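> The structure's right below; bear with me while I get my questions together.
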Amino acid sequence: MGQLFAVEIIYRGVFQKTLAKNITRDIVLAAHYQGKPGISFGRYGDAPERNGIPAKGFAIVASDEQTLEAGMAQYEPKQVDLTVVLDDTLCKGAESWAWYGLKPVHQALKPGHTLIVISLEDAPALLKNIHRRAEPYKLGIVKGITSFSGMWVYKDDHTDVRILGAIAKALPELLSLESVEKFINEKLKSSLKVTSARTAFERFGTVDVKVGQGNPEELFKFDLPRWEDMRGAVSIKGQPQGGPYADPVTKQVGGFRPARNQLFKKYSTRTMRPVVNFSTCTKCTLCWLNCPDASFDVTPDGTYDANLEACCGCGICEEVCPVKNCISMVNESEFHDNNSQWAEFKKEKDAYLKWLETTIKKAEPIEKRTHGFRYRGQYQEQIPAALEIAKKG
Amino acid sequence: MATLTLPVEEKKKSYEQEALITGAEAIAIACKLANVDVVTAYPIRPYDTVMQYISQLVADGEMDCEYIVAEGEHSQFEIVKHASVCGARVFCGSSGVGWMYAMEALTVSPALRVPMVCMVGNRALDDPGAFGVEHNDALAVRDLGWMLTWVDSAQEALDTALIAYRVAEDRRIFVPLAISCDGAFLTHSQALVKIPAAEQVNKFLPRYNRGDLLLHPDNVISVAPQVNEDWVMEIRRQNYAVTEIACDVIREVYTDFERTFGRKYGNPFFEEYRTEDADVVLLGMGTMSTPVKVAVRKLREEGKKVGFVRLRWFRPFAGPEIAKCLERFQAIGVIDRDFSFGSPDLSGVVATEVRSAMYTRAATRPPVLDFICGLGGREVTVPDVEKMAEITLEAAKGKAQPLTQWIGLRG
């Protein structure tokens, strides 16, 4: 048995599908320059992808064909030598659309190995979201704006080659910078991309994450039932109706909170979340009516509170809200819990409104919040800014 | 279930009526007696006769049901599927390529545990366009969790339809069930049939109760979600559990049928005709039983010990019983009114199943020959049967015979 390497790419479904596919393919092709055979594939269970759903792609490379076959003899690698996270909001946890609770991003990472995250944040900020683990590992950040495009459109902002450069540094046994450069020169035919890869290689560094360091959150999970215990006839029990609930301060009961699915939480689907200014809300009902996931609770005050168990962060509420800055979509990395915003607002109004103001301001500029296309030509406009950050490393 | 105070013979006299009806009409009358709630229809020969008879019963005010003419077989089967999930007793049916056009609806029904009862008027699959009987249409669902039974008389069609509702709607079963009736030979020929009274049927057939699987505003459930590989095996295993007990449930229901109506079918899974001292037997399904029985009597007169086994239930396939029955004979000749191109020994479906059952269960290994016969509605003649019996007798004497032969073929 020779050497076997598995690399896992965790990405946002649809928005980063092409990017993830390119990276896994590029790893295999670059390693092939060193005579190593390999395969790349997307996790079948993630398809058909939904917008923003955490999804996974894999590259498996071996020193020889027989060893590769051992790596291919499983549905997907249970343990990986390297995990790459293409959107830092995924640090809160990842799972495919067929949810069984939340899994930490380093779930499959071998102890002592490297977790690479594309982010503008620093390690302490990311570790507020990345869960604690029982074994130490290394965290490496490739500075950059999350590269989002679409199923059919690819934003060529060099994220792919920068990741390759970082991988060459983090796991030199897998591939060398030379083979990465050779691959880019021969296949991608871009000297600018060679420079990007080399710069990423040179600037990439890691910090050691100790046992127990990170987000202490208890991960939401449930066990798969035995066949005898499952309901018959391919049926699932529906949710109860829900009902009014209490104001945390006045204890006055009112409003309406629909019952939420106990097993299916949308925490990790979001790249953004709506934040609501309850003091300017006119109770027009438009957000509540238009939300495709019925995620708004009607508060006892008659305002609308985005329930973060149910919200997938699509941003339609922001689009339809007629009041300026009443609902604003804010990058998910700004948040570290899923508590009710309305409850916070009721407890301390002034503090909440001040927090709201700074949070929205911090969430600018707009490109931090983009979620697919807003208008034709937008990606071309974004590329210079992305390349600028890439140059700075 | 129903218990009788009167002796069976008296009970029969006081309730039963007799009528000259076709197999299709017998099924229609069974639907009336079973008080079916929803019937869907789409014309295709020979199934269409049953939809004509049911519409006649509805028009005459004899039967009260939702009678929906769909725009095709796929919708026809989808409509009853949904109605059944909502608690309705349903009836549906088709023939040949119509049945195949409904295939997607047919595949989803077993997993959704839909106890729909259907009549398949067996018809050759196109092409060539043909009306005559072939069993490949109904057999297309044999691996999917459907229950499949073949009947050979209008009386048996009526009785089996009542039995079918009892079996399919048993909470332990809840899977779709198709009653196959040979096109023309059964669907279009009239015979005298004893029709039981509604009171008797009501005693035999309880209301359909879907329990916690009922799709209703008071029982909020979601049916048929998309799942990934973490769920499919468990769901298939639930359907497998049905097949594990299906034979027991069928036995129970036949016993109760006999108790209620006084008509005996003996072994529910297959009928044995003059097998007691037989050296060889022929085995087949459906209306070929008539020429086979006539031929058997003729051969017996010539001193040839030939018997006949008519398979009633193809799914579940009563493997242990069939192996135990057939191991007594020196050779078996299966008559397949179907084909399974490219199968082991290039035999038909029934022969392949019989060999499989015998391989694992039987104490002896008599040769199992296969005869492809009567395709596309071609008559299985008495001389054909005699020929097949002679070949089987030769095999019993130890003379090697081809494992598959086409009988009644020009050339």
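> For a quick check of your reading of the model, give me the residue pairs whose first member lies in the stretch B:21-34 and is outside any helix (DSSP H, G or I), whose second is at pLDDT below 95 and basic (Lys, Arg), with beta-carbon atoms closer than 6 Å and at least 6 apart or on different chains.
Close Cβ pairs satisfying both conditions: none exist.
Yes/no matrix, rows are residues, columns are (1) within 14 Å of chain A (Cβ to nearest Cβ); (2) in contact (Cβ under 8 Å) with a residue 12 or more places away in the chain; (3) among the hydroxyl-bearing types (Ser, Thr, Tyr); (4) not in a helix (DSSP H, G or I):
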residue: B:Val227; (1), (2), (3), (4): yes, no, no, yes
residue: B:Met233; (1), (2), (3), (4): yes, no, no, no
residue: B:Val242; (1), (2), (3), (4): yes, yes, no, no
residue: B:Ala246; (1), (2), (3), (4): no, yes, no, no
residue: B:Arg263; (1), (2), (3), (4): no, yes, no, yes
residue: B:Glu272; (1), (2), (3), (4): no, yes, no, yes
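> Moving on. Are any of the residues in the stretch A:167-188 in the same structural domain as A:Pro37 (by TED's automatic domain parsing), more than 20 Å from A:Gly38 (Cβ to Cβ) and assigned to a helix (DSSP H, G or I)? Give the steps one after another, and end with the answer.
The initial filter retains those residues of the stretch A:167-188 that are in the same structural domain as A:Pro37 (by TED's automatic domain parsing), namely A:167-188.
With more than 20 Å from A:Gly38 (Cβ to Cβ) added as a condition, the list becomes none.
So far as the stretch A:167-188 goes, no, none of its residues is in the same structural domain as A:Pro37 (by TED's automatic domain parsing), more than 20 Å from A:Gly38 (Cβ to Cβ) and assigned to a helix (DSSP H, G or I).
> Considering B:Thr360, B:Thr352, B:Thr404, which residue is modelled with pLDDT under 95 and among the β-branched types (Val, Ile, Thr)?
B:Thr360
> A follow-up question, please. Of all residues in the stretch B:208-222 being exposed (fewer than 15 other Cβ atoms within 10 Å of the Cβ) and in contact (Cβ under 8 Å) with a residue 12 or more places away in the chain, which is farthest from the other protein chains (Cβ to nearest Cβ)?
The residue in question is B:Asn209.
> Between a residue in the stretch A:305-331 that is touching a residue at least 40 places away in the same chain (Cβ under 8 Å) and outside any loop (DSSP other than H, G, I, E, B) and any residue that is surrounded by fewer than 20 Cβ atoms within 10 Å (Cβ to Cβ) and among the β-branched types (Val, Ile, Thr), which pairs come within a Cβ distance under 7 Å, given they are 6 or more apart or on different chains?
Close Cβ pairs (under 7 Å, with a partner that is surrounded by fewer than 20 Cβ atoms within 10 Å (Cβ to Cβ) and among the β-branched types (Val, Ile, Thr)) amount to A:Ser328/A:Ile360; A:Val330/A:Thr359; A:Val330/A:Ile360.
> Looking at A:Ala59, A:Ala55, A:Ala6, which one is within 14 Å of chain B (Cβ to nearest Cβ) and in a strand (DSSP E or B)?
Unique residue meeting the criteria: A:Ala55.
> While we're on this one: Of all the residues that make up the stretch A:216-233, how many are facing chain B (nearest Cβ under 9 Å) and under 30 Å from A:Ile130 (Cα atoms)?
Here the count works out to 2.
> Test A:Ser279 against the criterion of being away from chain B (no Cβ under 14 Å) and touching a helix residue (DSSP H, G or I) at 6+ places or on another chain (Cβ under 8 Å), and give yes or no.
Yes, satisfied.
> While we're looking at this one, here's another question. Applying the selection to the stretch B:152-187, what residues are of a type in the set (Lys, Arg) and in contact with a Phe, Trp or Tyr (Cβ under 9 Å, 6 or more places away or on another chain)?
B:Arg166
> Now, a different point. If the requirement is being at positive phi and not assigned by TED's automatic domain parsing to the domain that holds A:Gln16, which of these qualifies: A:Ala343, A:Ala294?
When all the criteria are applied, what remains is A:Ala294.
> Got a number for residues in the stretch A:135-166 being part of a loop (DSSP other than H, G, I, E, B) and modelled with pLDDT of 95 or more? It would help to see each step written out before you state the result.
Our first condition is that a residue be part of a loop (DSSP other than H, G, I, E, B); within the stretch A:135-166, this holds for A:135-136, A:144-158.
Add one more test, that the residue is modelled with pLDDT of 95 or more, and what stays is A:135-136.
Looking only at that region, the number is 2.
> Select from the stretch B:357-411 the residues that are in a strand (DSSP E or B), buried (at least 18 other Cβ atoms within 10 Å of the Cβ) and not β-branched (Val, Ile, Thr) and list them in ascending order.
B:Leu369, B:Asp370, B:Phe371, B:Cys373 - these are the residues of the stretch B:357-411 that are in a strand (DSSP E or B), buried (at least 18 other Cβ atoms within 10 Å of the Cβ) and not β-branched (Val, Ile, Thr).
> Does the stretch A:228-253 hold any residues that are of a type in the set (A, V, I, L, M, F, W, C) and either under 15 Å from B:Gln238 (Cα atoms) or touching a strand residue (DSSP E or B) at 6+ places or on another chain (Cβ under 8 Å) (or both), and which are they?
A:Met230, A:Ala233, A:Val234, A:Ile236, A:Ala246, A:Val253
> Another question, then. Does the stretch A:234-260 hold any residues that are more than 8 Å from chain B (Cβ to nearest Cβ), without any contact (Cβ under 8 Å) to a residue 24 or more places away in the chain and either surrounded by 12 or more Cβ atoms within 10 Å (Cβ to Cβ) or among the acidic types (Asp, Glu) (or both), and which are they?
If the condition is that a residue be more than 8 Å from chain B (Cβ to nearest Cβ), without any contact (Cβ under 8 Å) to a residue 24 or more places away in the chain and either surrounded by 12 or more Cβ atoms within 10 Å (Cβ to Cβ) or among the acidic types (Asp, Glu) (or both), then A:Gly242 is the only one that fits.
> Additional query: For the stretch A:282-304, name all the residues that are in a loop (DSSP other than H, G, I, E, B), surrounded by fewer than 20 Cβ atoms within 10 Å (Cβ to Cβ) and either among the hydrophobic types (A, V, I, L, M, F, W, C) or over 20 Å from the mean Cα position of the chain (by Cα) (or both). Before the answer, list the steps.
Of the residues in the stretch A:282-304, the ones in a loop (DSSP other than H, G, I, E, B) are A:282-285, A:291-295, A:299-303.
With the extra rule that they be surrounded by fewer than 20 Cβ atoms within 10 Å (Cβ to Cβ), the set shrinks to A:282-285, A:292-294, A:301-302.
Passing the criteria: A:Thr282, A:Lys283, A:Cys284, A:Thr285, A:Pro292, A:Ala294, A:Asp301, A:Gly302.
> Cβ-Cβ below 6 Å, separation at least six or inter-chain, first residue in the stretch A:284-304 and free of Cβ contacts under 8 Å to residues at least 12 places away in the same chain, second surrounded by 14 or more Cβ atoms within 10 Å (Cβ to Cβ): which pairs?
Note: no pairs meet the criteria.
> Ok, one more. Assuming B:Gly266 fulfils every condition listed in (1) among the small types (Gly, Ala, Ser); (2) touching a Ser or Thr at 6+ places or on another chain (Cβ under 7 Å); (3) closer than 17 Å to B:Trp150 by Cβ; (4) surrounded by fewer than 16 Cβ atoms within 10 Å (Cβ to Cβ) apart from one, which condition is it?
Every listed condition holds for B:Gly266 apart from (2).
The values are calculated or read from the model by the stated rules, or taken from the named source; none is laboratory data. The structure presented is a predicted model; accordingly, all values stated were derived computationally and were not measured. Ideal geometry is used to build each Cβ from the backbone, glycine not excepted, and the neighbour counts take in all protein chains shown.
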